[in-house]
Every structure is written in structure tokens, then in C-alpha cells.
Amino acid sequence: MYGGAATFTDMKIRIVTCLFGMFVLWSVCVHGQTTVPTDSAHHLDEVVVTSRLTFREVIPSQKLSGEQLERLSTHSVADALRYFSGLQLKDYGGVGGIKTVNIRSMGTNHLGIYYDGVELGNAQNGQIDLGQFSLDNVDEVTMYNGQKSAIFQTASDFGNAGSVYIRTRRPWFSYGEKNHLKASVRYGSSDMVRLSTLYEHKLSDHLSASVSAGFLNASGHYKFRYRRVNVDGSTAWDTTAVRQNGDIHAERLEGNLHGILDNGYWSVKGYLYNSYRGIPGAIVNNVWKRGERQGDFNNFYQAQWQKSFSPRFSSRAMVKYAYYHTHYVNRDSTQLPVDNTYDQQEFYLTTSHVYEILPNWSASLSYDLRWNKLDADMYAFAYPTRWSNLLAAATAVDYTRVKLQASLLASIIKDHTRAAGSRPTVTRWTPAFFANIYPLHTRDLSFRAFVKRSFRMPTFNDLYYTDIGNASLKPESATQYDVGLVYGHDWHHGIIRHFSIQADGYYNTVHDKIVAYPKGQQFRWTMLNLGRVHIHGTDIEAETTLQPWREIGVTARVQYTYQDARDVTDPSTPYYNDQIPYIPWHSGSLIIGLTYRGLDLHYSFIYAGERYNEQENIIYNHMEPWYTNDITASYHWSHKKFTYRLTLEVNNLLSQDYDVIVNYPMPKRNYQLGLNVEF
């Protein structure tokens, strides 16, 4: 291990995990006989929000449900987001490699990630490592462009260029049931072992609890081919090697309490993630192994309460405290040694209110308070603190054929550092307008459009990092324009049971765009203010469900993205009007699923076209297209009160050699075998 404090933290987590496992076993023994047969009447203790205003959305979303996620080769939120249009995933390779996502070429920091309604924050570098969040306890992953267009939401929801919502599983029980247990084990390539368990208990008709735990261990070793070609076509390097320093050991523990009120609900969540991993560095100059290590101890605690005081007025409140500890070590003999710890704290409080003025006209008001602090043991560190105040007002009109929504967000942000004291207050006003029109008597076809301003502050690392921080960086803002259409229809008879398609064309302008990408070391970033970027794009997504025979079901989902994102800052620069780094012009995915009785077969194809890894679009920086083919086969069956699912995954079926990030080779063909048990 890498230090006394980290070792002590690691021991605490292992003890908690072991105690949790003993608790689950005890619970099964004591409560196992309370489960009733599956043919009994079903009663759903789902929370019903009585306000007619809560989920009145203007813009449809892209969504993957828990059942779809279970059938695909998805184990983390990052895996799921690969199948959404308009998103580009940055993956540094392997089970433990850092994974972040970029929305419509505007960058990771413009995408808000929400975990059960509360935004995940990282004021240090703005990068949410989505590989840390398992799908074992997730019911649904939803992505919105612009914003989640229901006006009953937090003020921060109005401030992002796009949002991803992760909704975890909420306990529900059949009549007479009081306990559920779900456990899974997976073994795969790179010596990967993944264990997870979920226990749910009904305490009363109005109160339930759940505890979820996960364990991941992998050596991170995988074969890859490192091949580089000179400009004249000759081969510079062509070597097959084994990826080193990609090991990971991680533990996750999550507990929830869910309560039902008259015309409302409340919930409390505690989340803990502890990991220690190697950081597989870039393969440069035939160097295969780096000395970078990183330990993370992340935990947050959040609570939310919502109640409808009348059919016309509802309120919601949320509170959260988060603490993130990071220990970064670099013992690479070719670089200066580094051994630093970072402690990040966040406190978040929000309240939202919505009122129905008329039967088809409603308005809302939201306020967020966020406090962030970053400490480190580095010499001459700035020790920054940030206070963010966000106030949002919104209104929505919903008639038979027209839905309209408008919002205005005020952001007031104040930084303070130990050396420089208080910095000037930053104030921004960001409006948005959404419209959805249904030209037909039914709502099968709709046309939509929106215009929105979004804004984000530079992160603490952008501004204050000792080696690369740039205190003169300007805040980054963007304007989005989007027009699109949606068609969807369901049939109760025939081969085709469902078909839907949505297509959007968009134009984004980004001012003072900040780009971050690795500077030799994955943990550190080179910060650059590009100035102005113009982005043109198209997203198309279609899906269908077929039932050619009574017991056979076929599903298909395809998405395509075109993006032209060019730096138009300064005509005198050699990269003027060039595509910005790591944005392919063409990308897409295809999913085909076949179900027959207890058998599920799923094939997925992911493609990313040519792109460039630096600002200048020259041959030295060119990256070839890459694609992967994945197959998942599973069989589920029931015996008495138990349900079993056996799964086999083959990823990168054709063993393609590719990089998502230059010099970070991805695994060749790899496998996973898993077993799920639930009752």
C-alpha cells in the first residue's frame, strides 16, 4: 500500500464490507421464510408523486433501463453511456482506467452527472470518473441534451449543457414480502473478479431499507499491439506487449432509507468508494511501464424530502455532504518523484418549489448553495475555497399540441485562496427556452427546438494547480441551438410492436473554451483556453421491437452522431478552423437483442471515426477510426423462490487494435463469465 492513513482507511472499508456480508447472511437465515410464492398478488410500494407538475417534460430523453443494462456488456455508468448519441467517451484502457464523457464537443465540465437527483461534484478538476459507479444497483440511466426539461428541479439542473441521471433501485415488495437478496459474481480477463450484493428489507408499510456492496479486483494485464507508422508509410514501431500497471482493487458500500409521506416521500443515502490502482501511462518511446499509483477514498451522504401540499403546490429539499481523499504517487525514474494527497470537501443545499397558476400553466423557483474546499500537502498550494449561489426561475405551458418552457438561472460564484485572498465575484445570467409541437391529433409525431446559454467556472486545477494552473483563465460559456423531431408508435398486434426515431440538428458556440488532456501523466492536465469554437452536429437514434413468433422477441437500437467542431479563435494560428482534439466527425452504435424463453442474445457494435489528438490537423496527429464488436449471451431460470442468470460476454470479438486516447492502447479480445442469484 501507499501510506499509513490510506492503509488505515483501506482496513476500515474491508471491515465494514465483511460486517455487511455477515449481516446479509444473518438476514437471509432469519427472514428467508417470509418470501411468498411468485403467483401471489403483487402490491407495489412505489413512491407516487401526486403533483401533476413534477415530470412534465418538453424534450424527450435517451434512456437505458435496468433490464437493458443487464443484458448488455455494461458494468459501469461509463459502459452504458457509450450507447447514447452525442456523447464521446474518453477511456484510458482496462478495468481500472479512468473514464470520462464529453457531450456534443463542449467538454466533460458541461455535463452534469446526477446520482438519485443530486449532482456529483468535483471542483478539483471537474472530471467525474464514471468507471467508479457500478450498475449493479442501478435501475435507469437517462441522458438529456440542454437540460432535464421538467421545471420542478434543482437550480444546478438548469445550468448544464446536458445532464445524465443515474437512478438506483428503489425497494418494492409483493404482498407479504419483507426481504429481497441479490448477489452476483463475475470473473473475466485481466484476472478480473467482481462481486456485488444487494439486500432490501421492508421495515413497515411506509419505510424500507437497502444495502448494496461491491468488490472489484483485477491485475489489469492485457495484450495489446503497439503499432506506429511514419509519414512515408514505413513502420516505426510494431510490437505486441502486455499492459502493465493497470491493476485495481476497489470496494463500494451504499445504504439507503426510503420513506413514504402523505403526498410525498423522503430518502437518505450514504455512499462509500475506496480504491487503490495503478495508472497505466502512455506508451511512448517503447516504454511499457510507468510508476504512477492512485488511491481514492470517496464518500458522500445525502437526503431529500418532497411533498405536495395541494394538487397545485409542491416543494422539495435536498442536502449533501461529500469528502474525497486522493493520494497520488509517481515513482517513475524518468520523471521527478511525486507523492501528494488531496482532500476535497463539498456541502450542498437546495430547495425547489413549483406552483400551478392555471391548469396548463405552472411556474417554479429553485435555490442552490454549494461550498467547495480543496486542501493538499503541496508546497505553496493555494488552498482554494468556493461559494456558489444559484437561483433559477422557470415557467412551463402545456396545451394539447404545444409545450413551452422558459428558464433563467443566476450564478454568483466567489473564490478565496490563502495567498491571494478573495477573488472578484463572478456573476452570470443564463436563459433557456424550449418548445415542443405536436402537429397531429395523436402525440406520435412531435417537432422540438431549444436555445440555451450555459456557463461553467474553471476548476480549482485549472486556476490554482501548482505546476499547470492558470489564474488568468476566463470562465467558459456556450450557446446551444437545437431543432429536431420525434416519431414513435406502438402496435398491439403484428410483427412490429414498437418503432421510434428521433433526429436533431444542432449548432453550438463556445467562448473561451478550456481544453484539458494528459500531459505525460494521466492525473495531471495541460490547460488551454482555445477562445472560440463552432460546433455543428447531427444526432439520430432509432429503435424497434419485433415479435415474429409468440415466444421470440427482437429489439434493435441504432444511433449515429456527426460532429464538426472547429477552433475559430485566431486566423493567424496554424490550427485555425481545424477540428478540435479527440472529436470524430462520425460515430455511432448498434444494438441487436434476441430473446427466446429464458435465453437472451445481444450483439453491440460501437464505431468512432477518424480524429486528431492535437490542435493541428496534420498527419502526425491523425488517429485512425476504431470499432468494437461485443456479444453477450445469458440464460435465466427459476427454481422455487430463486431466480438465476448465467452470463457470458465476449468483448472486442474481432480483437481490434485501437486507442481511444493516443498511446493508451485498449484491450484486445476479452471475456467475462457471471452468475446472478436473486430472491
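The values are calculated or read from the model by the stated rules, or taken from the named source; none is laboratory data. Computed from a prediction, not measured in an experiment: that's the story for all the values here. Neighbour counts run over all protein chains shown; Cβ positions are idealised from the backbone, glycine included. The area values use the complete protein model at the heavy-atom level, side chains included, leaving out ligands, DNA and RNA. Shrake-Rupley method; radii C 1.70, N 1.55, O 1.52, S 1.80 Å.
Projecting the Cα atoms of Ala303, Leu336, Ile248 onto the charge dipole of the chain, computed from C-beta unit charges around the Cα centre, puts Ala303 farthest toward the positive end. Under the convention that each Lys and Arg Cβ holds +1 and each Asp and Glu Cβ holds -1, the size of the dipole of the range 545-679 around its Cα centre is about 1120 debye.
Taking only the C-alpha atoms of the range 626-679, Rg followed by Dmax gives 15.9, 52 Å.
Sorted from longest to shortest, the spans of the Cα atoms of the chain along the three principal axes equal 69, 53, 53 Å.
Oblate is the label for the range 101-248, because the ratio a/c of its alpha-carbon gyration tensor axes (a ≥ b ≥ c) is 1.5 or higher and a/b is not greater than b/c. Exposed loop sites, defined as trypsin sites (Lys or Arg not before Pro) outside DSSP H, G, I, E and B with at most 10 other Cβ atoms within 10 Å, are absent from the longest region of the chain, namely 1-549.
Farthest toward the positive end of the dipole of the chain, out of His489, Met318, Asn670, is the Cα of Met318, where the dipole comes from beta carbon charges about the Cα centre. Residues Leu358, Leu111, Leu590 ordered from highest to lowest accessible area at a 1.4 Å probe: Leu358, Leu590, Leu111.
Here the range 263-361 is described by how far its Cα atoms reach on the three principal axes: 68, 26, 17 Å, from widest to narrowest. Accessible surface for Ile552 stands near 40 Å², nearest 10, in the context of the full protein assembly shown (1.4 Å probe). The candidates Leu195, Leu181, arranged from most to least accessible area with a 1.4 Å probe in the full protein assembly, appear as Leu195, Leu181. Extents of the range 402-494, largest first, come to 70, 29, 19 Å (Cα atoms, principal axes, whole angstrom).
Charging the Cβ of each Asp and Glu at -1 and of each Lys and Arg at +1, and nothing else, the dipole of the range 97-215 about its Cα centre rounds to 160 debye.
The magnitude of the dipole of the chain, with charges of +1 and -1 set on the Cβ of Lys/Arg and Asp/Glu and taken from the Cα centre, is near 600 debye.
Checking the table Lys182/Lys641; Lys202/Lys640; Lys148/Lys403; Lys63/Lys640 against a 24 Å threshold on Cα-Cα, which pairs fail? Check vs 24 Å cut-off fails for Lys63/Lys640.
A 1.4 Å probe, protein heavy atoms only, puts the accessible area of Ile437 near 80 Å².
Along the axis of the charge dipole computed for the range 343-490 (Cβ charges of +1 for Lys and Arg, -1 for Asp and Glu, origin at the Cα centre), the listed residues Ile357, Pro384, Trp371 are led at the positive end by Ile357. Only lysines eight or more places from Lys223 in sequence, or on another chain, were considered; those with a Cα closer than 25 Å are Lys90, Lys99, Lys289, Lys519, Lys668. The translational diffusion coefficient of the range 332-491, from Stokes-Einstein at 37 °C and 0.692 mPa s with a Kirkwood hydrodynamic radius over alpha carbon pairs, comes to 169 µm²/s.
The Rg/Rh ratio for the range 202-301 is 1.31, where Rg is the radius of gyration of the alpha carbons and Rh is the Kirkwood radius.
When the Cα convex hull of the range 324-387 is projected onto planes of every orientation, the mean area is 7.2 nm². A 1.4 Å probe, protein heavy atoms only, puts the accessible area of Phe152 near 10 Å². Compactness of the range 166-254 is given as radius of gyration and Dmax, 22.5, 73 Å, from Cα positions.
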